[in-house]
């Protein structure tokens, strides 16, 4: 079943040759859901933590970088059952799907057909592709789904994943626009040389989030996809 946005924008125009999307928190409302589950787990083992604290400190991290940051946060090795709890949460999300960020599906559907586009995410290609199927926009990206865990040696905050995606599309990164929501992602996006829009449309983007992205070198901030459409025109 598709979870697509029922209200697509009218056809868009853009001055860029390509657009690169982060995934979690940009197209998919997964950031808050995932951080809520982790906060509940950490609280249950004696380390009271809120989803907001996790998002403020660890948003955009993945793999060993994320696990290392959590261990530093709680001051101990992560219990083995943490991984089982995370796997169960991921299984549920993959099976049931998660909602799109408001306006995301309409925006993707309104992109000019000739505009090159790709997803460049810290998540696995399985995670991304499965949720694109749920959202009904898998065909919009074809094979251009790139994972910082699978396609490059250095994931975010290094710029390598964005450079890899642009090269795969056959475009100059300097003529590319990137949509990113996390400080980790923005750091790499800015370093890549692309034009970066800090997207604060997801439910995880609280007060002060835009200022955090601006402090990392982002000049354009979008609070919804209508803002994005205006900024890329």
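The values are calculated or read from the model by the stated rules, or taken from the named source; none is laboratory data. Every value quoted in this text rests on a predicted model; they were computed, and no experiment measured them. Quick reminder, even Gly has a Cβ in these numbers, built from the backbone with ideal geometry, and neighbours come from all protein chains shown.
Is there a residue in segment 159-181 that is modelled with pLDDT under 95 and either closer than 16 Å to residue 119 by Cα or buried (at least 19 other Cβ atoms within 10 Å of the Cβ) (or both)? No, segment 159-181 has no match at all. Residue count for segment 148-182, restricted to those that are touching a residue at least 12 places away in the same chain (Cβ under 8 Å) and outside any loop (DSSP other than H, G, I, E, B): 17. The numbered conditions (1) under 15 Å from the mean Cα position of the chain (by Cα); (2) at positive phi are all true for residue 26 except (2). Step by step: first the residues of segment 123-147, then only those that are in a loop (DSSP other than H, G, I, E, B) and touching a strand residue (DSSP E or B) at 6+ places or on another chain (Cβ under 7 Å), then the one that is nearest to residue 28 (Cα to Cα). Which residue is that? It comes out as 123.
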